[in-house]
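What follows is calculated from the coordinates using simple rules that are stated; it is not laboratory data. Computed from a prediction, not measured in an experiment: that's the story for all the values here.
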């Protein structure tokens with residue numbers, strides 16, 4: 001019953017992008033010259049970059065209230 | 001360093017990193033040591049990672065895929081032997097000195113975060129729902145729906161029409177209620193086994209490329225000793241819910257991308 005969770009790269013490309021592009025420490029200030037300013041790549045639509053507004057539009061979230069991350 | 005190179009920051013750790021394995025992933029990987037902290041960085045070309053180059057390349061899906069994977073793999077290699085603070089993709093500095101200045105500015109904060117992360121791992125749980133399958137299960141099991149179906153059968157056509165409409169509404173309500181109930185319950189049960197938990201933005205189908213809808217996107221900071229319990233709980237949830245149209249996708253351990261937030265006053269312009 002104990003499933004071993006393995007990271008298959010193909011399966012988790014979404015997971016990688018969801019974290020690497022969207023999370024992780026962001027620092028700002030004089031020292032930093034650039035932080036990629038992108039929320040997520042639309043894999044299905046090829047090369048379209050999503051803005052926060054677009055995410056909002058698509059969200060149609062069944063989970064509401066305190067369950068939703070503030071943006 | 002030549003003039004047209006930049007410093008790309010992957011992660012910060014408090015233990016001297018072993019870069020042997022990670023060096024095979026990317027050229028020019030090294031670390032900068034400053035005040036008990038080690039920043040794992042790489043030299044990159046300004047033409048590729050400078051503001052203009054990056055803007056252009058972020059529109060190239062293959063480039064993004066390859067580089068995001070490299071970013072992740074390098075951090076994972078460092079994570080194999082140490083606790084890490086992972087940085088967001090594309091964190092760049094002009095020189096080693098400017099990276100060192102950043103380490104100086106944030107050193108206490110980084111140390112606090114690293115203390116918090118000790119002996120813990122990030123795990124991700126995404127829950128998807130096949131609404132048609134859930135509907136079926138609701139139709140067959142909910143007394144309210146069964147009752148109204150009985151009434152429809154014994155009613156004249158006019159009344160049956162309105163009852164049918166009412167049934168559709170009830171069904172939609174019930175499906176939404178179930179989605180909320182299941183995802184909240186799953187989140188709470190897993191949260192109880194974690195030090196910290198986060199709920200993230202739901203991703204649209206265009207991104208997930210799945211037929212079913214994402215109904216929960218969450219991340220948990222789990223103690224290394226509790227990982228077994230955590231995965232057992234995920235398995236329990238799968239057994240309970242997967243017959244009703246839910247699919248639970250659990251992955252990890254991840255670098256703690258979701259649990260390294262800097263205190264608010266430090267994040268300027270963010």
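Per-structure values
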| item | result |
| --- | --- |
| Spread of Cα-to-Cα distances over 5 Å intervals beginning at zero, given as percent, for the range B:77-228 | 2, 7, 11, 12, 12, 11, 10, 8, 7, 5, 4, 4, 3, 2, 1, 1, 0 |
| Shape of the range B:39-101, Cα gyration tensor, a/c cut at 1.5 | oblate |
| Cα gyration tensor of the range B:3-73 - equivalent ellipsoid semi-axes, whole Å, descending | 24, 14, 10 |
| Relative contact order (percent, whole number), the range B:101-205, Cα cutoff 8 Å, 6+ residue spacing | 21 |
| Cα centroid separation - the range B:148-207 against the range B:28-53, whole Å | 48 |
| Computed lengthening from residue B:81 to residue B:104, 0.36 nm per intervening residue step minus Cα-Cα distance | 5.9 nm |
| Between helix B:227-241 and chain B: long-axis angle, C-alpha atoms, 0 to 90°, nearest 10 | 30 |
| Helix-derived mean residue ellipticity, 222 nm - over chain B, DSSP H n ≥ 4, -39500 (n - 2.57), to 500 | -15500 deg cm²/dmol |
| Square roots of 5 times each gyration tensor eigenvalue, C-alpha, the range B:1-138, largest first, Å | 31, 22, 14 |
| Shape parameters for chain B, alpha-carbon atoms, Rg then Dmax in Å | 24.6, 85 |
